[in-house]
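Below: the structure, in structure tokens.
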Amino acid sequence: MSETRYTDQHEWVRLEGDSATVGITKFAAEQLGDVVYVELPAKGKAVKAGGEAAVVESVKAASEVYAPVGGEVTSANEALSTEPSKVNEDPEGAGWFFKLKLADAGEFTNLMDAAAYAEFTKGL
Amino acid sequence: MTVSTEILRRTPLYALHMELGGKMVPFAGYEMPVQYPAGILKEHLHTRAKAGLFDVSHMGQGFLSGDVHALERVTSADVAGLKAGMQRYGLLLTPQGTIKDDFMFSRLMGEADLYLVVNAGGKEADFAYINETLEGAAQVTPRFDRALLALQGPASEMVLARHATGVADLTFMKVTRTTVAGAPAIVSRTGYTGEDGYEISIEGADAEHVARTLLAEAEVLPIGLGARDSLRLEAGLCLYGHDIDDMINPAEAALLWSVGKRRKEARDFPGAEKTMAGNPARKLVGIRPEGRAPAREGTEIIKDGRVIGKVTSGGFGPSVNAPVAMGYVETMFATLGTKLELMVRGQVMPATVVLMPFVPHTYKREKK
């Protein structure tokens, strides 16, 4: 069973057990436009909730990707190095950025659920 | 509450941009489309493969009348030597010889006036400066009401020839009056993408009809400012306010080719002694970052642990399929093949000084 939550910085995080998969939302991918480069965190790196964890660059500009929750990075989606366009094609699936081992469950439950995020983006 | 401090102007094609799904952004005082639903990457690649239509009506058009050769007081280009039916690139220089703007000027067949196109950002100031400096010898009449379209890419000739006569016979940098889709037009075989193509000046009232006619052709997609920037960067063409400005002289910008031969010999343009002295302190070069990370404008250029320059334009080159950049380096590091380092987000990234353009120009030049 998995549950997905969202940040006001347009990251999504999907929790399965204590494994959290992170990416950017469809809304963010559409705003960015064609993604041409992704910089991913190294395995073993400790990230804090709200801390810079990755970088995504479109033809237009570079943007930071923040960790929605804190923890230790367990893997990164290396496929994005050669095929950054996956972020546009399937932002909330094959275009995931990295996985981390969740440290504090409270950080997850504090985030928006799908309905709250949809409401949030409507106002932007 | 958002307080708008600037009232943005619109080109005659604003309604069409909205209809086409253009994403509008403020640019040089205008609301302009940065991209359409296809997106920058597809728009860029489509222009190089077929043809793209750009609205560049925000640029400053005007006609210079009087003793038009007096224009040489403010430019290093050879104005007197421009033959009828030809367009030329020139630099508008400050009294100190730095670059106030870059512009195109044309001598139309059988006409005494010169047709000018300057950049959007400083168009009022440019024309005022020309008029003040020329002190009545010649006078620019602005025609900011006119529209300007660019049709760029290998299919441009085929497409435009369906709606205009005489355009296939034009070669690179030639210009003529003709009609496009029935509208009176000034058409030049020029552009800002490195591709073969045309720039089409028409009355504002005719803009939508002409644009719709060209967009109805299967080869043509509308292209926004985003792809215009990536196309010109790959073509190694300077963008005013970024790669050149009023702190830079033509030698530093590697634009001495635009200084007329006669002007070089006579040294009769603003700042000529300094510009022609040779060996400027810094030079504009092409830069290829290694790896995939783009180096954006403002990125510091490092050599032997020391900052030796800055990137002035940089991004991802869709046709090169890799990052490309240009920037100023101390002249001793401007030699082709020089290994440099770029400071991207606190990390050092290797890069090399390379020849521009990054993508070969495909201009249709006159066969000698």
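The values are calculated or read from the model by the stated rules, or taken from the named source; none is laboratory data. Nothing here was measured: the structure is a model prediction, and the numbers come from that model. Virtual Cβ from ideal backbone geometry, glycine too; neighbours counted across all protein chains shown. These accessible areas exclude ligands, DNA and RNA; they are computed on the full protein's heavy atoms, side chains included. Shrake-Rupley method; radii C 1.70, N 1.55, O 1.52, S 1.80 Å.
Quick look at the numbers
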{"read-out": "Selection count where residues are open to solvent by 10 Å² or more (accessible area, probe 1.4 Å) and not in a helix (DSSP H, G or I), scope the stretch B:37-52", "value": "3"}
{"read-out": "Filter result for the condition that a residue is modelled with pLDDT of 95 or more, farther than 19 Å from B:ASP246 by Cβ and β-branched (Val, Ile, Thr), over B:THR94, B:THR133, B:THR75, B:THR141", "value": "B:THR141"}
{"read-out": "Given (1) within 14 Å of chain B (Cβ to nearest Cβ); (2) touching a residue at least 24 places away in the same chain (Cβ under 8 Å), number of the condition A:VAL69 does not satisfy", "value": "(1)"}
{"read-out": "Residues of the stretch B:226-250 satisfying the condition of being touching a strand residue (DSSP E or B) at 6+ places or on another chain (Cβ under 8 Å) and assigned to a loop (DSSP other than H, G, I, E, B)", "value": "B:GLY236, B:CYS238, B:LEU239, B:HIS242, B:ASP243, B:ASP245, B:ASP246, B:ILE248, B:ASN249, B:PRO250"}
{"read-out": "Qualifying positions in the stretch B:333-353 - crowded, with 18+ Cβ neighbours inside 10 Å, away from every other protein chain (no Cβ under 14 Å) and not aromatic (Phe, Trp, Tyr)", "value": "B:ALA334, B:LEU340, B:GLU341, B:ALA351, B:VAL353"}
{"read-out": "Tally, over the stretch B:193-233, of residues that are away from chain A (no Cβ under 14 Å) and without any contact (Cβ under 8 Å) to a residue 60 or more places away in the chain", "value": "9"}
{"read-out": "Failed item in (1) open to solvent by 20 Å² or more (accessible area, probe 1.4 Å); (2) within 14 Å of another protein chain (Cβ to nearest Cβ); (3) modelled with pLDDT of 95 or more, with B:LYS310 passing the rest", "value": "(2)"}
{"read-out": "Strands (runs of 3 or more DSSP E) wholly inside the stretch A:1-58 that include at least 1 residues being under 16 Å from A:ALA94 (Cα atoms) and away from every other protein chain (no Cβ under 14 Å)", "value": "A:3-6, A:11-16, A:19-24"}
{"read-out": "Criterion violated by A:GLU89 - all others in (1) within 14 Å of chain B (Cβ to nearest Cβ); (2) under 24 Å from B:ARG296 (Cα atoms) satisfied", "value": "(2)"}
{"read-out": "Output for the stretch B:148-204, where each listed residue is touching an Asp or Glu at 6+ places or on another chain (Cβ under 6 Å) and of a type in the set (Val, Ile, Thr)", "value": "B:VAL159, B:THR171, B:THR190"}
{"read-out": "Some residue of the stretch B:271-282 being away from every other protein chain (no Cβ under 14 Å), acidic (Asp, Glu) and part of a loop (DSSP other than H, G, I, E, B)", "value": "no"}
{"read-out": "Among residues of the stretch B:131-154, those that are open to solvent by less than 10 Å² (accessible area, probe 1.4 Å) and more than 16 Å from B:SER201 (Cα to Cα), counted", "value": "4"}
{"read-out": "Residues located in the stretch B:42-58, provided they are basic (Lys, Arg) and away from every other protein chain (no Cβ under 13 Å)", "value": "B:ARG48, B:LYS50"}
{"read-out": "The one condition in (1) in a strand (DSSP E or B); (2) free of Cβ contacts under 8 Å to residues at least 40 places away in the same chain that B:ARG288 fails to fulfil", "value": "(2)"}
{"read-out": "Some residue of the stretch B:322-332 being within 14 Å of chain A (Cβ to nearest Cβ), within 21 Å of A:TYR37 (Cα to Cα) and in contact with a Phe, Trp or Tyr (Cβ under 7 Å, 6 or more places away or on another chain)", "value": "yes"}
{"read-out": "The stretch B:60-73: number of residues that are assigned to a loop (DSSP other than H, G, I, E, B) and crowded, with 23+ Cβ neighbours inside 10 Å", "value": "0"}
{"read-out": "Residue pairs meeting the criteria (Cβ under 8 Å; at least 6 apart or on separate chains; first in the same structural domain as B:PRO289 (by TED's automatic domain parsing) and in a strand (DSSP E or B), in the stretch B:309-336; second open to solvent by 30 Å² or more (accessible area, probe 1.4 Å) and among the aliphatic types (A, V, I, L, M))", "value": "B:SER313/B:LEU239; B:MET326/B:MET356; B:GLU330/B:ALA281"}
{"read-out": "The stretch A:100-124 residues that are within 17 Å of A:GLN31 (Cα to Cα), paired with ones that are hydrophobic (A, V, I, L, M, F, W, C) and not in a loop (DSSP other than H, G, I, E, B) (beta carbon under 7 Å, 6 or more apart)", "value": "A:PHE120/A:MET112; A:THR121/A:PHE27"}
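Rundown of residues vs (1) within 12 Å of the chain's Cα centre (by Cα); (2) open to solvent by 10 Å² or more (accessible area, probe 1.4 Å), yes/no style:
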residue: B:ILE202; (1), (2): no, no
residue: B:VAL210; (1), (2): no, no
residue: B:ALA216; (1), (2): no, yes
residue: B:GLU219; (1), (2): no, yes
residue: B:PRO222; (1), (2): no, yes
residue: B:ARG228; (1), (2): yes, yes
residue: B:GLY236; (1), (2): yes, yes
